[in-house]
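*Asks:* If you scroll down you'll find the structure; I have some questions about it.
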Amino acid sequence: MKKLLLMLLIAAAAVYYLSTLNAYKTPDQLTLDILSKPVEVRRDQHGIPYIFADNKRDMLRAQGFIAAQDRLFQIELYRALIAGRLAQYVGEAGLESDIKVRVLGLRANAERHAPKLAPAVRQYLQDYADGYNAYIACCEQDFPLELGLMGLEPKPLQIADMLAVLYFVGYTHGQNQGDERLVTELVAKLGAERSAVLLPYNLNPEREQQPIIDIAGLKDIEQALLSGQAEQHRRIDTSPAIFPKTGSNNWAIGPARSASGAAILSNDPHVDARILPGPWLQMGLFWGEGRGDESAAASKVNSAVGVALPGLPGLMVGRNSEVAFGITNGYGDSQDHYIETLDAQGKHYRQDGGWRPLQERREILLVKDDSAPNGLREQELLVRSTERGPIVSDHPGFKAAPGLHLSLRWVLHTIDSPEIGIDKFLEASSVAELESAVDQVDLMYFNYVLADRQGNIALRTSGLIPKRSNGHGAYPLPAQDNWLGSIPKNEMVAANNPDRGWVASANNDLRPEGYPHYYSAHFSPAYRYKRISERLNVPEKLSGEDNWNIILDTKNLQAIALKNRFAKAMATEPELKPLADELARWNGEDDKDFIGPSIYHVLYENLFEQIFIDELGEPLMRRLQASRYFWL
């Protein structure tokens, strides 16, 4: 009995200890030298922080402090990932990631760019960093357990660290680069002619003339593969795990379609809620010299609520007292691959009819290894580059057809704008001001939907997109200089107060009829956008609750287009007749309580596999399957 009681006491103590392990202290007052005036932080029942400051700079410092308090481990892990130091903490599992970001030079580009930022932008970022660093200096006793377990030691946050986050977001938006390399694998397996029928076909339901990708250049890839000019690379051939493809929806309706007579903006970024810690940091930001002063002479108090990216000041999605802003991924194509010809020694590349020496850059990667003397193994990384960019085909993680030397040219390697745009969102007072801010967002490729208190609504795409002389960037080209500057900001895809009274995006191709520029070859199918259009193009005016219900809408227009074909085919087989009947009865809504969605989606995935596996083989079929927007 005594042993049992002792065990219970130990168990209770362990539960209490674990429940409080990462619970930081919340004292009534904390003195920080970085603040010019007192700042108050309140938290609601969910722990969401609301920051109240007398001025913007103190508010940003407090935001940095709270971000460190809530997400220190996450931010430090991001910093290691983006800087290519992940393998130092997780071992071999992080090596491929480190190689990729080092080859692309995410942190190096941020360091190059940071000194060129405008003084106001640097101050905006530095204030946040000062708050973050103040937490590191004062509150080591509250650091989360994960830091120690992983061996991460927080270092002072720098402007280049925050800028590197923007570069990383821009890199993740560049899904088209993976598609380009996938095309080389398809050509190697099927040849140019048969691969041509598999290229993405992006549809804009509001456009009569759909743009078609020129397929003639696939012959160049085929010829390069047959020429034997390039050595055969050894490559780690891993079949990727297949996950659902996430997307985002946003829209705004103007006063003419709103039951309240005010513009309404809706945004669901579709970020996976199972990710822990969460990719968003919810918060409210309030500042103004007259905060708490009820006199008529008190200055205006600024307010903004929404979600921030951990490690960046301000808000990525949200609203202030005058405007609201929401995002979806625009998948802007900011990079191109080129087929390079190297000499037999791999020291020179063909350029302008002659040979030029390859640029070489060597870096040392640290890999956690218990067998190494100090627990870390050094591994040299050699990056060879042409004038277009690094030869990515040298490295695992950039999967492409063996036998090609592919260089990567990326807009983000050259950006040196003094502005970042997102710092203007907190205090914008109109859609027009938001649009100007979006035009300064060169590093990220979003579809912004905007609304203001005056009833204006707009859609505007962001990011720097190269103009291409060949008209597309869907697959690698023979080495050349086909970039003709970038798409002018006033010619980016945009809509402002359209006659129909609404704007929307769902990761789909938004280029209007006759749009003169190539923006990307990687878009979501238009099913979600068409469903949003159906819900917004109604005669009755829509309330806030109506818009919330549209967010929760589950009708699958793709399934409605295909399910009866599935049911008809299955009905001829007696053992499948019950499933066919379920499909026929199903209304096309992806509701968890219906059987139809499970039948449909399993059939759809199985149909894909049956179509492709016999001719592609399983490894390449899985690669294609993982790039869902390529084939959906």
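*Asks:* Please express the Cα-Cα pair-distance distribution P(r) of the stretch 396-543 as a list of whole percents, one per 10 Å bin, running from 0 to the bin with the greatest distance.
*Replies:* All Cα pairs considered, the percentages come to 9, 32, 33, 18, 7, 1.
*Asks:* Using the Karplus curve 6.51 cos²θ - 1.76 cosθ + 1.60 with θ = phi - 60°, work out ³J(HN,Hα) for each residue of the stretch 371-387 in order, rounded to whole Hz, and write x for Gly and Pro.
*Replies:* In residue order, the calculated couplings are 7, 6, x, 10, x, 10, 9, 8, 9, 7, 10, 9, 10, 9, 9, 9, 5 Hz.
*Asks:* Can you list residues from other chains, or at least 5 along the same chain, whose modelled amide H is less than 5 Å from the amide H of Phe425?
*Replies:* none
*Asks:* Please give the peptides 518-530, 440-452 ranked by average Cβ packing (other Cβ atoms within 10 Å per residue), highest first, as a rough proxy for protection.
*Replies:* Working: 518-530: 23.2, 440-452: 26.2.
Top of the packing list down: 440-452, 518-530.
*Asks:* For a quick size check, give me the Cα extents of the stretch 101-149 along its three principal axes, largest first, whole Å.
*Replies:* 37, 31, 10
*Asks:* Can I ask one more? Starting from the Cα of Leu376, move 7 Å in the Cα-to-Cβ direction to define the label point; list residues of the stretch 139-155 whose amide nitrogen is under 20 Å from there.
*Replies:* Correct set: 146-155.
*Asks:* As a test question: what accessible area, to the nearest 10 Å², does Trp355 have when a 1.4 Å probe is rolled over all protein chains in place?
*Replies:* It works out to around 110 Å².
*Asks:* Apply the Debye scattering formula to the stretch 52-190, with a single equal point scatterer on each alpha-carbon and no solvent, then give log10 I(q)/I(0) at q = 0.19 Å⁻¹.
*Replies:* Evaluating at q = 0.19 Å⁻¹ gives log10 I(q)/I(0) of -1.16.
*Asks:* Based on DSSP H assignment, which helices of the chain show an axial Cα extent of at least 18 Å together with a mean Kyte-Doolittle hydropathy greater than or equal to -0.5?
*Replies:* 2-20, 56-83, 119-138, 159-173, 176-190, 557-570, 596-616
*Asks:* Still on this structure, I have one more. When every alpha-carbon pair in the chain is counted, what percent end up more than 32 Å apart?
*Replies:* 56
*Asks:* Okay, next question. Straight distance only, please: which lysines reach the Cα of Lys37 with their own Cα at less than 16 Å, same-chain residues fewer than 8 apart left out?
*Replies:* Lys56
*Asks:* Accessible area of the chain with a 1.4 Å probe: how many percent of it is carbon plus sulfur?
*Replies:* 54
*Asks:* May I ask for the Rg/Rh ratio of the stretch 455-515, computed from Cα atoms with Rh as the Kirkwood radius, given to two decimals?
*Replies:* Numbers: Rg = 14.7 Å, Rh = 13.9 Å.
In the stretch 455-515, Rg relative to Rh is 1.06.
*Asks:* Further question on the same structure: Just to be sure I follow: if Rg is taken over the C-alpha atoms of the stretch 515-632 and Rh is the Kirkwood radius over the same atoms, what is Rg/Rh? Please list the in-between numbers first.
*Replies:* On the way: Rg = 17.7 Å, Rh = 16.8 Å.
Ratio of gyration radius to Kirkwood radius: 1.05.
*Asks:* Given a cut-off of 22 Å, name the pairs among Lys555/Lys592; Lys530/Lys563; Lys300/Lys489; Lys530/Lys555 whose C-alpha atoms lie farther apart than that in the structure shown.
*Replies:* Lys300/Lys489
*Asks:* Let me ask something additional. Just need the relative contact order of the chain here, percent rounded to a whole number, with Cα pairs under 8 Å and 6+ apart.
*Replies:* Reported as a whole number, the value is 17 percent.
*Asks:* Rounded to the nearest 20 debye, what is the charge dipole size of the stretch 449-591 about its Cα centre when +1 sits on each Lys and Arg Cβ and -1 on each Asp and Glu Cβ?
*Replies:* Computed charge dipole of the stretch 449-591: roughly 400 debye.
*Asks:* Which FRET efficiency value, to the nearest 0.05, do you get for Glu360 and Glu545 by plugging their Cβ-Cβ distance into 1/(1 + (r/R0)^6) with R0 = 60 Å?
*Replies:* Efficiency, from the Cβ-Cβ distance: 0.45.
*Asks:* Around Gln282, which amide H atoms from residues at least 5 apart in sequence, or from another chain, sit under 5 Å from its own amide H, with H modelled in the peptide plane?
*Replies:* Counting only residues 5 or more places away or on other chains, the set is Ala308.
*Asks:* Which values of log₁₀ I(q)/I(0), to two decimal places, follow from the Debye formula for the stretch 333-477 at q = 0.10, 0.11, 0.14, 0.18 Å⁻¹ with a uniform point scatterer at every Cα?
*Replies:* The Debye formula, applied to the Cα set alone, gives -0.58, -0.66, -0.86, -1.05.
*Asks:* What's the long-distance tail for the stretch 571-632, i.e. % of Cα pairs beyond 19 Å? Let's see the in-between values first.
*Replies:* On the way: 836 of 1891 pairs.
For the stretch 571-632, the fraction of Cα-Cα distances above 19 Å is 44 percent.
*Asks:* Here's another thing I want to ask about it. Calculate, for Lys189 and Asn470, the FRET efficiency according to 1/(1 + (r/R0)^6) with r their C-beta to C-beta distance and R0 22 Å; round to the nearest 0.05.
*Replies:* Details: r = 24 Å, r/R0 = 1.10.
Step by step, r from the Cβ atoms, then E = 0.35.
*Asks:* In terms of Cα to Cα distance under 12 Å, which aspartates and glutamates are near enough to Lys368, apart from those fewer than 8 places away along the same chain?
*Replies:* Leaving aside aspartates and glutamates fewer than 8 places away in the same chain, those within reach of Lys368 are Glu92, Glu378.
*Asks:* Next up: Taking a spot 7 Å from the Cα of His348 along the direction of its beta carbon, which residues of the stretch 470-511 have an amide N less than 14 Å from it?
*Replies:* Correct set: none at all.
*Asks:* Right, here's the next one. Could you order peptides 533-544, 327-338, 255-266 by the average number of other Cβ atoms within 10 Å of their residues, highest first? Intermediate values should be presented prior to the final figure.
*Replies:* Numbers: 533-544: 13.8, 327-338: 25.3, 255-266: 18.1.
The packing order, highest mean first, is 327-338, 255-266, 533-544.
The values are calculated or read from the model by the stated rules, or taken from the named source; none is laboratory data. Fair warning: this is a prediction, and the values are worked out from it, not measured in the lab. Positions of Cβ are generated from backbone atoms using ideal geometry, with glycine treated the same way; all protein chains shown enter the neighbour counts. Quick note on the areas: whole protein, heavy atoms, side chains included, nothing else; ligands and nucleic acids left out. Shrake-Rupley method; radii C 1.70, N 1.55, O 1.52, S 1.80 Å.
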